[in-house]
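The next block holds one structure in the form of structure tokens; read it before the comments.
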Amino acid sequence: MRKHTDLGTLALAALNTHATLRPKDLGSDARLSKRGMTFTTEAYDVEGVGHLCIMRMKAFAGLMRMETVILAPAQMDMPLFNIDWVRAFGKETQIAELYDDQLQPWPDVCQEEIDRIRRQYDDLPNMAHADHWYDDILYPCSCAKQGKGIEDRLAQMAQDYLAAYVAQLGVLPACDHEQKAAAVRSFAEHLYADGGPAVQQVAKLFGQQTAQRLVVHHMYGVEDDVEG
């Protein structure tokens with residue numbers, strides 16, 4: 001089995017060939033550690049596109065690891081994209097999700113290109129489905145896989161999803177920044193307010209204000225009205 005290549009490395013490699021990235025200063029939120037859990041977060045302004053977040057978490061002396069990449073376009077009419085990888089006690093999970101926060105419909109040809117990637121990994125075991133508030137805006141080309149000994153395939157899947165998504169930067173149009181940013185804000189605030197297990201854990205460790213900044217501001221690039 002090859003050494004794991006983290007999602008952040010894959011995302012930066014894909015984006016650096018298509019856009020200019022400028023790191024954002026997250027201050028002390030860039031590294032949060034308490035009770036054996038450590039979160040490190042990077043955020044970038046992607047010129048002409050929007051926001052990139054790369055988050056990593058380690059717990060239980062490294063027995064559990066999580067990586068998240070979020071691309072939140074606020075200047076192009078592209079879907080919100082989130083990919084997560086988790087290794088916990090020998091089992092690997094990867095979730096690639098695209099959400100309809102667009103101002104105009106996503107062209108069928110663009111959806112089909114991503115769905116072609118999804119179909120290439122149909123042989124991998126699916127993660128058990130759970131209902132979420134965002135199911136109505138989750139594109140069917142999204143996927144969630146879980147199993148043991150599939151790290152190589154998951155790494156390739158992540159690379160393929162990222163490459164296919166980033167390739168659309170040269171195809172999809174720019175859009176009204178304020179309207180698209182408002183759509184991203186709505187998703188981020190709903191995600192925070194929904195208070196899933198990950199949000200609850202961060203809030204328990206570091207407080208509600210830090211959890212809000214982490215989710216709304218650092219993960220999705222919402223620039224104001226987040227308490228510091």
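The values are calculated or read from the model by the stated rules, or taken from the named source; none is laboratory data. Just so it is clear, the structure is predicted and the values come from calculations on it, not from any experiment. Note that we place each Cβ from the backbone using ideal geometry, even for glycine, and neighbour counts take in every protein chain shown. When the accessible area is computed, the model is the full protein with side chains, heavy atoms only, and any ligands, DNA or RNA have been set aside. Shrake-Rupley method; radii C 1.70, N 1.55, O 1.52, S 1.80 Å.
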- Message: Going by what's in this entry, would Ala130 be described as at pLDDT below 95 and out of contact with any helix residue (DSSP H, G or I) (no Cβ under 8 Å at 6 or more places or on another chain)?
- Response: yes
- Just for region 182-210: of the residues that are within 17 Å of Ile70 (Cβ to Cβ) and among the hydroxyl-bearing types (Ser, Thr, Tyr), which one is surrounded by the fewest Cβ atoms within 10 Å (Cβ to Cβ)? Ser186
- Query: Say we look at region 10-32 and pick out the residues that are in a helix (DSSP H, G or I) and within 16 Å of Glu223 (Cβ to Cβ); which of these is least open to solvent (accessible area, probe 1.4 Å)?
  - Reply: Asp29
- Would you check if Arg213 is closer than 26 Å to Thr40 by Cα, open to solvent by 30 Å² or more (accessible area, probe 1.4 Å), at pLDDT 90 or above and more than 18 Å from the chain's Cα centre (by Cα)? no
- Query: What is the one condition in (1) more than 18 Å from His51 (Cα to Cα); (2) in contact (Cβ under 8 Å) with a residue 12 or more places away in the chain that Gly195 does not satisfy?
  - Reply: (2)
- Please give the number of the condition Asp135 fails out of (1) touching a residue at least 40 places away in the same chain (Cβ under 8 Å); (2) exposed (fewer than 14 other Cβ atoms within 10 Å of the Cβ). (1)
- Message: If the requirement is being in contact with a Cys (Cβ under 7 Å, 6 or more places away or on another chain), free of Cβ contacts under 8 Å to residues at least 40 places away in the same chain and closer than 25 Å to Leu172 by Cβ, which of these qualifies: Asp108, Asp115, Asp100, Asp77?
- Response: Asp115
- Message: Restricting to region 54-111, name every residue that is in contact with a strand residue (DSSP E or B) (Cβ under 7 Å, 6 or more places away or on another chain) and among the acidic types (Asp, Glu).
- Response: Glu67, Asp84, Glu92, Glu97, Asp101
- List every residue pair whose Cβ atoms sit under 8 Å apart, with the two residues 6 or more apart in sequence or on different chains, where the first one lies in region 47-61 and is free of Cβ contacts under 8 Å to residues at least 40 places away in the same chain and the second, anywhere, is open to solvent by less than 10 Å² (accessible area, probe 1.4 Å). Met57/Glu67
- When region 130-163 is checked residue by residue, the ones that are among the aromatic types (Phe, Trp, Tyr) and within 17 Å of Asp6 (Cα to Cα) are Tyr161
